[in-house]
Every structure is written in structure tokens, then in C-alpha cells.
Amino acid sequence: MKLSLFVITLLITSISFSQRPSAKKSGKFFYENGNKMLYGGNAQEHFIINNLDLKEEQFHYGLGREMFPALINPQFETIEEADKKWMSNQRFLVAHKGNEVKAYSIKDLTRHEVVNDIIDGEPIFAAYCILADLGAVYKRNYNEKTFTFAVSGYTYFDPNVWNGLDGFILWDRETESLWWPLIDKAVSGKLKGVKLQKLEDTFWEDTTWANIKEKYPKAKILISKQDFQRPTSWKKYNDVIDIVKIYSN
């Protein structure tokens, strides 16, 4: 899995835009039991996309929604343990709130794309998309409900958004809605229209290893090359009407 994932990531970043595989042409969109579907892996992993906001012809790839190890229970090490692994100019996303500091290298986030975590008691996720060079830290709580984010296996582009670059499509496990971070909102499913919530700017930054060592000597550093057994079941939220009302545009 680790080798194949490395190869897949390398291929995704090296293939020119015009050569990226069209999800529509490769049959990733289909109908089943009266629902419009998007391929997600095995028969239990397809997405219902009856209210999809995006154009089918602008989807790329379709690798399966559990291909990338979007961490659920990330493990960390100390700066002293991690120091020999990183060069001063290597890039990290850092979340710092209360007495807690956690750092996620861009190198590792390129592999995971999403790391679900908690900082000072607040559920968050750190995310990075190498194709759009988009990295940010987001909140996971909506109206007292906590969501778990993962990677759909698709990218999407819009000529009028983010200079037309591809950006990953995420999904949440609790409603299986699809989200496009390049426009900061859910684009299908029960949560369609709900905005992604970035953690306040004062609580996270995009920085370097040298800066982390200087400013945050007690920081916890994400351990590299983690993987985990993908869950086969999880909590589902059926009543999200209030969330849609509160957090939509």
C-alpha cells in the first residue's frame, strides 16, 4: 500500500492537466436504484450525488475513497525525536491553541491529504492539496456535531476558480457529503452548501521547521508514514437541517 500510494501521488502530480483521466469518460458517474451515483470503491462506498453542484466533465481521477490514509487517530513525537528528520526550510502547517501545539509537515500531508485531530479540546483537520498548493487547518464541529473528513479520490477544476487548478474533493464520513475546499463548501449530499470553517488565523500558520523549533519547542510533530485500518462503520448524522441553516451561505 505504501509503495503504491507513493507511485499514485507521483503520477498525479506529474501528469499534465490535459492528460489527467476524466472521471466522466472512465464511467465513474452512473445511476443505481433511481439515484445518481459517483464511484467510491466497492459497492458500499459509492456516493449518492443527486444534488451535485459541480459539472461531471470537470472531475478527474476516481481512485476510491479509502485510497489515501486520511488519519483519524494521528500519532506524534517530540521535536527532539523529529529533529534529525527535517531540514530547516521544510514546510509545515502548525496549529497552536491553549497550551498545545501540533505540527503537520507538508511532505506528510501530501501523502495523507487530511489529518483529523484535536487541538486544545477542539476537533480540527489539517489538509493539503499538492495540485493547488492549498494548505489550511479547519474546524470539524458544526452545531455540536463532530465530523470526520477523508479524501474522495477525485479532483475537480473550474476555469474561474483558483486559476483553473485541480483541487481535491473531500467527503465526511457522517453524512457522506462531498466538499470542494477550493470554494470552501460542501457541493453534494445532506450538507450541500455548508461552508468549511477555517480555524481562526491566530491559531494556525504555514511555516518552516526552523521557525517551529524557535517558537514552539514543546510542539508535537506528526509521525511520518502512518497508516491505519480503514473503518467499516461509523456514526451517521441523519438530522443536519439546523447545520445547513446555520452554516450555509
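Every residue, every condition in (1) out of contact with any Cys (no Cβ under 6 Å at 6 or more places or on another chain); (2) of a type outside the set (S, T, N, Q); (3) closer than 30 Å to residue 57 by Cα, yes or no:
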position	(1), (2), (3)
133	yes, yes, yes
162	yes, yes, yes
183	yes, yes, yes
218	yes, yes, no
225	yes, yes, no
233	yes, no, no
### Query
How many residues are part of a loop (DSSP other than H, G, I, E, B) and within 14 Å of residue 156 (Cβ to Cβ) when one looks only at the range 31-65?
7
### Message
If I go through the range 197-239 residue by residue, how many of them are more than 19 Å from residue 146 (Cα to Cα), under 18 Å from the mean Cα position of the chain (by Cα) and in a strand (DSSP E or B)?
### Response
4
### Task
Considering each of 235, 218, 195 in turn, give the residue that is of a type outside the set (Asp, Glu), surrounded by fewer than 20 Cβ atoms within 10 Å (Cβ to Cβ) and out of contact with any helix residue (DSSP H, G or I) (no Cβ under 8 Å at 6 or more places or on another chain).
235
### Message
Residue under question is residue 12, and the condition is that it be modelled with pLDDT of 95 or more, at negative phi and surrounded by 16 or more Cβ atoms within 10 Å (Cβ to Cβ); does it hold?
### Response
no
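Say we look at the range 127-170 and pick out the residues that are out of contact with any Leu (no Cβ under 9 Å at 6 or more places or on another chain) and part of a strand (DSSP E or B); which of these is surrounded by the fewest Cβ atoms within 10 Å (Cβ to Cβ)?
In the first step, residues of the range 127-170 are kept if they are out of contact with any Leu (no Cβ under 9 Å at 6 or more places or on another chain); the result is 140-141, 143-146, 148, 159-160, 163-164.
Narrowing the set further to residues that are part of a strand (DSSP E or B) leaves 141, 145-146.
Details: 141: 12, 145: 16, 146: 15.
Filtering the range 127-170 for residues that are out of contact with any Leu (no Cβ under 9 Å at 6 or more places or on another chain) and part of a strand (DSSP E or B), the one surrounded by the fewest Cβ atoms within 10 Å (Cβ to Cβ) comes out as 141.
The values are calculated or read from the model by the stated rules, or taken from the named source; none is laboratory data. What you are looking at is a predicted structure, and each value in this text was computed from that prediction instead of being measured. Because the Cβ atoms are built from the backbone with ideal geometry, glycine has one as well, and the counts that use them run over all protein chains shown.
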